[in-house]
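What follows is a set of notes on a single structure, which appears directly below.
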Amino acid sequence: MWKYLSVRKFGAIFAETLLLMGCVLVAYALRMRVSPFEEPAAAAEVHILLKAFLIALVFQLFLHLKDLYSFRGTRATRQYYIDLAEALVLATVGLTVLYYLLPALGVGRGILVLSIVFGVVFLLVWHTLLRSYFGKRTPRTNLIVLGTGQLAREAVREILKRPELGIRVVGFVDDSPQLQGVSIVNPKVIGTYRDLPRLMAENRVDQILVGMPDRRGKLPINELLDCKTRGMTIEDVATFYERVAGKIPVDNLKPSWMVFSPGFKLSRVLMVEKRILSFAVSTLLLLAFSPIILLLVALIKLDSKGTVLYRQERVGQYGKTFTLLKFRSMQMDAEQDTGPVWSMGEGTDPRVTRVGRWMRRFRLDELQQLFNVFRGDMSLVGPRPERPAFVQQLAETIPFYNIRHVIKPGITGWAQINYKYASSFQHAVEKLQYDLFYIKNISIILDILICMQTAKIVLVRTGS
């Protein structure tokens, strides 16, 4: 999964961790008037380093919760500084509460105050500079797109949205006379396939993206081979799009690409690891949330007539159905007259009760799905389980749809954190693309990243 993270962004966050730890060590040296690496502090060297790391981790946790590691903006806005200030205040409060509950982790009031002052000043300057750095278009790679198909255009749109990738799109290359000089997305069509050698030399091209929908008899093999032997990177548009967008396009996707591309390896060991992780986490969460579960039971009974739990048939692994458990958030028999209908989206469905609207806001209506995870119907992370009526419709019209059923469905997943509720056929197609990406790149590390992002979405209401 690490190859899908921006190397520059990861490097910046790693450097930030070390520098924040440095702020704590400087505060220690000033307060104690001795280096943390010399006597008499040598005996406590490991401890101060661990405590410095903890302080850096707390600051970075709240920066992450406020989504300050996106680096998408081209300049620091007023809202950006408000979010940064809120993150720093919350981190300070968080450290204070942590040290009150666990005094052994503390560094002393004097050192803590100096560490916070140094850390706040450093982070204000550091994040302003980082935002400026990542916001500027400083391309290190010149790229030409071979073909003007829909997927090629979508790939270029993703590049234009992500200046941190450091890629400059020189232009499109297509043999159609009508397209010569025409602006596609933003870059223009700058030549034909036979012009490739000249275009490579004139624009110092580093990478060629092959995005031709139909390559039979049209792919300029000799020109591409010549470019590759000269050190240029040649990549299929579907592979490139998967890497930068975090999803696999299903339109015009060939089964051969899925067969020969790396990934889609669902080993038995990995499935056992996922089951152990899901069982352990669901058990702990059920115990931790038991007071909230009892409170919700009482609120639902007081708010509206009907049962507390809502049971619904869903499609699980290998197409087998199971009974999904949720806290009832709608009026009883809400679909009695209409039958199964798509979700109308949060805050817009008139069938939702007052308590149900509040539960949906914080995803509390899905707490009962922990029982589904506990007994093995679902996993903690996986594709969203759909209703049989919808699955039948979608499988008949969307290519590769049933692939999402090779693993157990999940409470959260890659599609859930990257896209909104599926309330239409087109939304289902979009979510499938994220589900295919998850299945192709499935790993425990990816599951942990998804759980962290899910926690952020629930806590601060960002994301999908």
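No lab work stands behind these numbers, since they all come straight from the coordinates. Just so we're clear, the structure is a prediction, and the values are computed from it rather than from any experiment. Please note: Cβ atoms are built from the backbone with ideal geometry, for glycine as well, and neighbour counts cover all protein chains shown.
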Could you give the size of the charge dipole of the stretch 141-245 about its Cα centre, using +1 on the Cβ of each K and R and -1 on the Cβ of each D and E, expressed in debye and rounded to the nearest 20? 100 debye
Can you give me the orientation-averaged projected area of the convex hull built on the Cα atoms of the stretch 141-245, in nm²? 6.1 nm²
In nanometres, what is the gap between the two model label sites at S304 and S183, each 7 Å from Cα along Cα-to-Cβ? 5.0 nm
What residue among N252, L102, F437 has its Cα farthest toward the positive end of the dipole of the chain, where the charges are +1 on Lys, Arg and -1 on Asp, Glu, each on the Cβ? L102
Sum of -39500 (n - 2.57) over DSSP H runs of 4+, divided by residues of the chain (222 nm, nearest 500): -16500 deg cm²/dmol
Measuring from its Cα centre, the stretch 350-464 shows a charge dipole (+1 at each Lys and Arg Cβ, -1 at each Asp and Glu Cβ) which, in debye to the nearest 20, is 500 debye
What is the dipole size for the chain, taken about its Cα centre, with +1 at each Lys and Arg Cβ and -1 at each Asp and Glu Cβ, in debye to the nearest 20? 300 debye
Can you put L18, L124, L199, L302 in order of Cβ neighbours within 10 angstrom, beginning with the fewest? L302, L18, L124, L199
For the chain, how big is Rg over Rh, using alpha carbon atoms and the Kirkwood form of Rh? 1.02
Taking every DSSP beta bridge with both residues inside the chain, roughly what % is antiparallel (nearest 5)? 35 percent
Once the Cβ-Cβ distance between F10 and Q392 is put in as r, and R0 is 51 Å, what FRET efficiency do you end up with, to the nearest 0.05? 0.75
Name the helices (complete DSSP H segments) of the chain with a Cα length along the long axis of 18 Å or more and a Kyte-Doolittle mean of at least -1.0, or state none. 7-32, 45-65, 78-101, 109-135, 268-288, 290-303, 425-440, 444-460
Would you work out the relative contact order for the stretch 141-245, in percent, from Cα pairs under 8 angstrom that are 6 or more residues apart? 33 percent
Listed with the fewest Cβ neighbours within 10 Å leading, E154, E202, E164 appear as E202, E154, E164
Based only on other Cβ atoms within 10 Å, what is the fewest-to-most ordering of R357, R404? R357, R404
What Kirkwood hydrodynamic radius do you get for the stretch 268-460 when you take the inverse of the mean 1/r over all pairs of distinct Cα atoms, in Å? 17.3 Å
Report the net charge of residues surrounding E273, where surrounding means a beta-carbon distance below 15 angstrom and charges are Lys +1, Arg +1, Asp -1, Glu -1. +4
Given a cut-off of under 8 Å on Cα pairs at least six residues apart, what relative contact order in percent is computed for the chain? 12 percent
Any residue on another chain or 5+ positions along whose placed amide H is under 5 Å from the amide H of E313 is listed here as L324
Which of K408/K431; K326/K420; K301/K420 have a Cα-Cα distance over 25 Å? K301/K420
